[in-house]
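> Below is a structure I'd like to ask you about.
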Amino acid sequence: MPETNLTEQILLMMEEILQTDADNINAEQTFEELGINSIIFIRMVVQCETQFGIQFEDEMLLMQKFPNAAAFINYVQARYDIAQNPSAQNENA
């Protein structure tokens, strides 16, 4: 299932960047609770853009836009879905 796979990939990326075990990452935690600062956040954005072939919208480049890790994962999933099926973006516009 692609969604789970993408979620797992993002969690693994977070585990690597935070140098922690995936068991220590709960998607409902805030970035602050996870120890993610603005520099780490931008590293995550760049890695997601590169790894998944997506582009974050300019207004979404602020950590405050994501109340928790789950919101970040959902956003990346949505951008990935659009990148995979560009016509879907036009249908939703």
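> For E57 and D21, what is the calculated FRET efficiency with R₀ set at 22 Å and r taken between the beta-carbons, to the nearest 0.05?
So the FRET efficiency works out to roughly 0.10.
> Now for a separate question. Taking the Cα centre as origin and putting +1 on Lys and Arg beta-carbons and -1 on Asp and Glu beta-carbons, what dipole magnitude results for the chain, to the nearest 20 debye?
Roughly 220 debye, rounded to the nearest 20.
> What does the chain give for Rg and for Dmax, in Å, if only its C-alpha atoms count?
13.1, 40
> Let me ask something else. Residue by residue, what Karplus-based ³J(HN,Hα) values in Hz, rounded to whole numbers, does region 72-86 have, using 6.51, -1.76 and 1.60 with θ = phi - 60° and x for Gly and Pro?
Calculated HN-Hα couplings, in order: 5, 4, 5, 5, 4, 4, 5, 5, 5, 4, 5, 5, 7, 9, x Hz.
Readers should treat all values here as calculations from the given coordinates under stated rules, not as data from a laboratory. What you see is a predicted model; the values in this text were computed from it and never measured. FYI the Cβ positions are ideal-geometry reconstructions off the backbone, even for glycines, and counts take in every protein chain you see.
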